[in-house]
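Data first, discussion second: the structure below is written as structure tokens.
Bear in mind these aren't lab numbers, they're just calculated from the coordinates by the rules spelled out. Note that the structure is predicted; figures quoted are calculated from it, not measured. Heads up, the Cβs are rebuilt from the backbone with ideal geometry, glycines too, and the neighbour counts pull from every protein chain shown.
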Amino acid sequence: MRRPTIRDVARRAGVSVTTVSHTFTGNGTVAPSTQQRVRAAAHDLGYRPDVIAQGLRRNRLGVIALVARQLDALRPELLFDVDYFARFAGAATVASLAEGLGLMLVSDPTGPRAAGAALASDGFIVTEPVTDDPLVAMLARAGVPFVTVGEVPGHPPGEGSAPHVDIESGRLALLALDHLWSTGARRIALVTGTDRNEWNLRTTAVYRRWAQHRRITPSTVHVAESLDDEGGRRAAISLLDAGGPPPDGVYVLTSNHALGVIATLAERGLRVPDDVRVVAGSDAESLRSADPAVSSIDLQPDELARRAVLALAARLDGRPPPDHAGTPVGRLVVRASSAATPPGRRP
């Protein structure tokens, strides 16, 4: 099949060739709705701007792109509170330099905020891939090397699956749940986000199997990541108003949701950790400085970033990817919010 051209995109989008060019280069003025139509047409056709494709055919640019989707939805003031993103981007930059590569942090090229320069790279690192991920599909169709951080849901490991760095969400979920159980919690609930990524989906599946094994009734609430603390408040209200005894342990994947859960528990007269023990699925400065300090999973994003860069560099060079089997990543950090039940108290 021949490579789609800028004229194919123009015809499909019903615009001029100049409009397509301006959409991807940032020159001129193109209405947002028109840009969206052009990008949709380019995505459907698997088109990449000709000037970039020609450059890639001639030689390596020495630049890789990092797409961290959660950054697009995160409020700027929360960026440095959430350890994951700052640590991941910093470590990816250092690891790229060590491999003789430059790193660009870009918005998802299939989204409305993408710049044409996003495609000017030798390969992509994609974090938080989702079910039927449009960017993964575009890169695979165009033959652009990429590595995802976390599996693409629906594409388990094996032939034909997307190359990925294992984030070990199942093992880490068990670490948190078993810790809550060991401290005396018996009515343990789960709060996750709504993005259809491995972190949310696999954790939910592992929790349900774990609850069945422990012979407890699972209690799960899903709230949008973008709701921040308010999402945690809504989740806590849902758990507390569900009828029956309230949970005495909660595993909350998102750090801001965890803070909202704890605030609502306090408003309802429930003490952490005496009445309810809480563990967050990702660490943040706000959790470390909270009162009580919140136990959390340190996902070790610096190591995940290093592994992702090494895996992508190996693909670009045609080398086998490094083998990290047997070297786990991620750890549980126990703080006051999940302290064991005091002597004399029953869970």
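Overview of results
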read-out: Charge sum, other residues only, whose C-beta stays under 11 Å from Val152's C-beta, Lys/Arg counted +1 and Asp/Glu -1; value: -4
read-out: Using alpha-carbon coordinates, inclination of helix 255-267 to the longest axis of the chain, degrees; value: 30 degrees
read-out: Distant-in-sequence amide H partners of Val276 (H built 1.01 Å from N, under 5 Å); value: Arg271
read-out: Peptide ranges 140-148, 209-217 listed from the most packed, as the mean C-beta count within 10 angstrom indicates; value: 140-148, 209-217
read-out: Packing rank of 6-17, 99-110, where each peptide gets the mean count of other beta carbons within 10 Å, highest leading; value: 99-110, 6-17
read-out: Amide H partners (placed H, <5 Å) of Val63, local residues excluded; value: Gly102, Asp122
read-out: Residue-by-residue Karplus 3J(HN,Hα) for region 305-319, coefficients 6.51, -1.76, 1.60, Hz, glycine and proline x; value: 5, 4, 5, 5, 5, 5, 5, 5, 4, 5, 5, 5, 8, x, 9
read-out: Listed peptides 318-324, 245-251 by packing density, highest first (mean Cβ within 10 Å); value: 245-251, 318-324
read-out: Crossing angle, helix 169-182 versus the chain [Cα axis fit, 0-90 degrees, rounded to tens]; value: 10 degrees
read-out: Pairwise FRET efficiency - Ala142 versus Ser16, Cβ, R0 = 25 Å, nearest 0.05; value: 0.60
read-out: Among beta bridges that DSSP assigns inside the chain, antiparallel share in %, nearest 5; value: 15 percent
